[in-house]
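What follows is a set of notes on a single structure, which appears directly below.
The values are calculated or read from the model by the stated rules, or taken from the named source; none is laboratory data. Since the model is a prediction, treat every value here as computed from it, not as a measurement. For neighbour counting, all protein chains shown are included, and Cβ atoms are generated from backbone atoms with ideal geometry for every residue, glycine included. Surface areas here come from the heavy atoms of the whole protein model, side chains and all, with no ligands, DNA or RNA. Shrake-Rupley method; radii C 1.70, N 1.55, O 1.52, S 1.80 Å.
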Amino acid sequence: MAWGNVPMLPHVMRQGSDDHPNKELQARCAASEAALDASLFTGFPHADITNAGLSALVVTDGDRTLAEKLRDELLDQAWKDREDFVYRIEPLQQSLARAKAIEPSKPGEGPIVLLDHYDNCASGGTMDTTLVLAAILREGLDNVAAFAIYDPEAVQQAITAGIGAKVTLSIGGKMQMPEIPGESPPLTVTGTVKTISSGRFRNKGPMGRGVMMDMGPSIVIDTGKAEIVVISRHVEPNDLNCLLSLGIDPMQKRYVMLKSRVHWRAGLGALAKSVVDCAGIGVCTSDYGQLNFTKVRRPIYPLDLPNR
């Protein structure tokens, strides 16, 4: 068994196993017939631990030299591809302008996914930041579904009002993020309570197929241009049924805003006509310049080491 790592922090937004360069690295692991097992781990930089970052483990049938050789080949290839693991952030207004310029979907093409990737609960996000949703509403994007804002208090207010009631709610912006620069104030929205749900649904898959999920009491408020999901328990949108269970068919929407980074691709990726990353605010920020790394080994690429 041979394990090793290289001094690099692949950005989470560049780690998708259906995307270069991780796609080719995972294929190389799968095709390694000389090993009993070969695994490459891109790592989770936000954990800020000593060994955060990319590593590889190879197991052979008693041949340590071979295991070390195959491990080094994986690590060498990852290091050569290190620049492709760097994520380049686009300003939010530019992203939304680009989204508006995309031709409307034809029947069966699916929605434009607006990815609010700074606020993914599976990466530790509060799921109650409002910057991206507020910009979507301000820009006047039409036929939008947004999943989701975490706000149990607003959910209860909508439930009290009842289905069909017109309400004005202050949603999100209630959880403090003292380590992150900038603010995410509550967002005031007015609309009709379209859906009230227990928030329980069973995953369609492929990720977590058959697993019972629980968003807690949940509601959908329809502003006329956007259907906004508000939930009481944190659930990342990685399954089609998180939307269908609330009466939202993403194939009928022009835009779908998701608070996710990579896992959304499992159940919803194949439906997207195109994807527009939207830089918002949140503790799983994609701007590593906002993070105070104190425990990861240094120097490390791209925080310290030049690209050479």
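Results, tabulated for the structure shown:
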item	result
Share of carbon and sulfur in the accessible heavy-atom surface of the chain [1.4 Å probe, %]	51
Long-range HN-HN contacts of Leu305 with modeled amide H, under 5 Å	Ile300
Average Cα contact separation per residue, segment 95-220, under 8 Å, 6 or more apart, as relative contact order %	19
Rounded to the nearest 20 debye, dipole of segment 56-174 from Cβ charges on Lys, Arg, Asp, Glu	460
Solvent-accessible area per residue for the chain (1.4 angstrom probe, square angstrom)	45
Ordering of 3-15, 225-237 by packing [mean C-beta count within 10 Å, highest first]	225-237, 3-15
Peptides ranked, highest mean first, by Cβ atoms within 10 Å: ranges 257-266, 26-35	257-266, 26-35
Dipole magnitude (debye, nearest 20) for segment 60-112, charges at Cβ of Lys, Arg, Asp, Glu	400
FRET E, pair Leu303, Gln77, Förster distance 22 Å, beta-carbon r, rounded to 0.05	0.55
Spin-label zone in segment 1-18 - amide nitrogen under 17 Å from a point set 7 Å from the Cα of Gln290 along the C-beta vector	11-14
Relative packing of peptides 106-118, 132-144 - highest average C-beta neighbours within 10 Å first	106-118, 132-144
For the chain, size of Cβ-based charge dipole, Lys and Arg +1, Asp and Glu -1, in debye	500
Segment 122-137 - phi-based ³J(HN,Hα) in whole Hz, Karplus 6.51/-1.76/1.60, Gly and Pro as x	6, 9, x, x, 6, 6, 10, 7, 10, 4, 5, 4, 4, 5, 4, 5
Mean separation of Cα contacts under 8 Å, 6 or more apart, over the residue count of the chain: relative contact order %	25
Positive-end residue of Leu268, Met215, Gly289, charge dipole of segment 213-300 with Cβ unit charges	Gly289
Euclidean distance of C-alpha centroids, segment 206-281 and segment 28-67, integer Å	33
Cα-based helix-to-principal-axis angle, 92-101 vs the chain, degrees rounded to 10	70
Extension gain, Lys225 back to Gln93 (0.36 nm per residue minus Cα-Cα distance, nm)	45.6 nm
Length added when fully stretched, Asp84-Lys106, from 0.36 nm per residue minus Cα-Cα	4.7 nm
Order of exposure, largest accessible area first, which applies to Lys273, Lys80, Lys204 with probe 1.4 Å	Lys80, Lys204, Lys273
Residue among Ala31, Val59, Leu75 farthest towards the positive dipole end of segment 1-82, charges placed on Cβ	Leu75
